[in-house]
Every structure is written in structure tokens, then in C-alpha cells.
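Student: Below is the structure I would like to discuss, written out as C-alpha cells.
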Amino acid sequence: MPAKCERCQKEKWVTILSAMNEDMICVECLGEEKKHPRYKEAKLMMELESWKGNHDYPGLFAGQRYPFSVPHGSVVTPKNKCMKKGAV
């Protein structure tokens, strides 16, 4: 029986846990999520928490709905990283 993607609301046979929050998302929505400027950071944080044994980590954008905003005062660099203005 298909599950419903929590982002696009379409019924899909395959869903995966978002790296950004606790949404169960389809492959198409995962592709969109990977384009977010803080995706790599969110994915790394999720993996680090898992290594520490925290399998209930809610994600970098816990409690927020997609699309997630980049914090005010942040700059997205060409290497797809987000950093505070003035940071070295």
C-alpha cells in the first residue's frame, strides 16, 4: 500500500526521512531538498547525531515547514555552503 509524501501529498511506494526535518518525503521531493543551500549541513548533522546514538534527532529545521528559509544575515557561497556575513 502506498504512503503519502508529507511534502507533495502524493501517494508513493517509496518515502524517505528528510535530512532537514522529520517529514517522510518521496524521491522527487528529496531531489528538491538537495538543492537547498543548507542541505549538506543538515545531512551531516543528522549523520553525526546518529553516530552519537541519537536516533530521534529532529533535524536542523525541526518544526518548520518546507521550503526552509536561509537565516537572515547569511550568505550562500558558490560551494553551496551557508555562512554568516563577516565569518572567516
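Each reported figure results from applying straightforward, stated rules to the coordinates on display, with no laboratory input. Just so we're clear, the structure is a prediction, and the values are computed from it rather than from any experiment. Note: ideal-geometry Cβ built from the backbone for every residue, glycine included; neighbour counts use all protein chains shown.
Student: Determine, for MET1, MET24, the number of other Cβ atoms within 10 Å of each Cβ, and report the residues in order from fewest to most.
Tutor: Listed from fewest to most nearby Cβ atoms, that is MET1, MET24.
Student: Further question: Please list, or write none, the aspartates and glutamates whose alpha carbon is within less than 19 Å of the alpha carbon of LYS52, excluding same-chain residues fewer than 8 places away.
Tutor: Counting by Cα, and skipping residues close in sequence, LYS52 has these aspartates and glutamates nearby: GLU22, GLU41.
Student: Excluding ALA62 itself, what net charge comes from residues whose Cβ is under 12 Å from its Cβ, given Lys and Arg +1 and Asp and Glu -1?
Tutor: Taking every Cβ under 12 Å from that of ALA62, the sum is -3.
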